[in-house]
Amino acid sequence: ELKVEQNPLFLSMQEGKNYTIYCNYSTTSDRLYWYRQDPGKSLESLFVLLSNGAVKQEGRLMASLDTKARLSTLHITAAVHDLSATYFCAVAYYNNNDMRFGAGTRLTVKP
Amino acid sequence: ETGVTQTPRHLVMGMTNKKSLKCEQHLGHNAMYWYKQSAKKPLELMFVYNFKEQTENNSVPSRFSPECPNSSHLFLHLHTLQPEDSALYLCASSLNYRATNTEAFFGQGTRLTVV
């Protein structure tokens, strides 16, 4: 069974600092997704990573995928308060879109 | 706004009630999903419909009954629920369940409280 582990589960950062969220998964997959969820809101798609070595950047967020290590990272650069949210990674089974989600990382960026 | 709309946004129901959650998408997608998000567990996939056919049922109790009359609409019928069923129920859609290069778009969710 595909299992997805995120860490840390809780992250409190100061504005301007850098940090990385990690997502490990247990079985072969070449598709990984990062989502953002604000309190009481839906999940917003951030990145879709479809191949080994894929790297995508949007603003202060950069995501990468290493399929050999079964690891994805979400790197935050110079954090700002607006980035406060819960971030989820999700991994899809090899031949369909059955996504398994990590537990989420609740990020709080403090002034 | 993701193009996936869920109603109602909030629902409080008694354990003997029958209610339904509705999901509608205007993205031209053919796959629709129900997920459960509870406080102490990761998002759990409940049901998947692909081209109106149910393809996945992840050991969901029979008190949850999905219905997909067409590719744009998805319902979740609820009856004799338990307090532990209280959660955020999220609907999602994607182009095709078997497509390997598409992402899922989520609705706003229905916050369900069972009393």
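Per residue and in cubic angstrom, what volume does the convex hull of the Cα atoms of chain B have?
96 Å³
Between A:Arg106 and B:Glu84, the FRET efficiency from the beta-carbon distance, with R0 = 25 Å, is close to 0.65.
Database remark: amide H of A:Thr27 closer than 5 angstrom to the amide H of A:Lys3 (H placed geometrically; neighbours at sequence offset of 5 or more, or on other chains; Pro and chain starts carry no H).
Shielding by partners for peptide A:96-107, expressed as the average number of C-beta atoms from other protein chains within 10 Å of each residue's C-beta, is 5. Fully extending the segment from B:Ala39 to B:Thr16 would add 5.9 nm, taking 0.36 nm per residue of separation and subtracting the current Cα-Cα distance. Pairing chain B with chain A buries about 1700 Å² of accessible area. This figure sums both sides and uses a 1.4 Å probe. Geometric descriptor of chain A, per residue, is 90 Å³ (volume of the convex hull of the Cα atoms). The C-alpha atoms of the stretch A:49-111 occupy a region whose extents along the principal axes are 43, 22, 18 Å, arranged from largest to smallest. Lysine pair count for chain B with Cα-Cα distance under 20 Å and sequence separation of 8 or more or different chains is 4.
The values are calculated or read from the model by the stated rules, or taken from the named source; none is laboratory data. Just so we're clear, the structure is a prediction, and the values are computed from it rather than from any experiment. In this analysis, Cβ positions are derived from the backbone assuming ideal geometry, glycine residues included, and neighbour counts consider all displayed protein chains. For accessibility, only protein heavy atoms count, side chains too; no ligands or nucleic acids. Shrake-Rupley method; radii C 1.70, N 1.55, O 1.52, S 1.80 Å.
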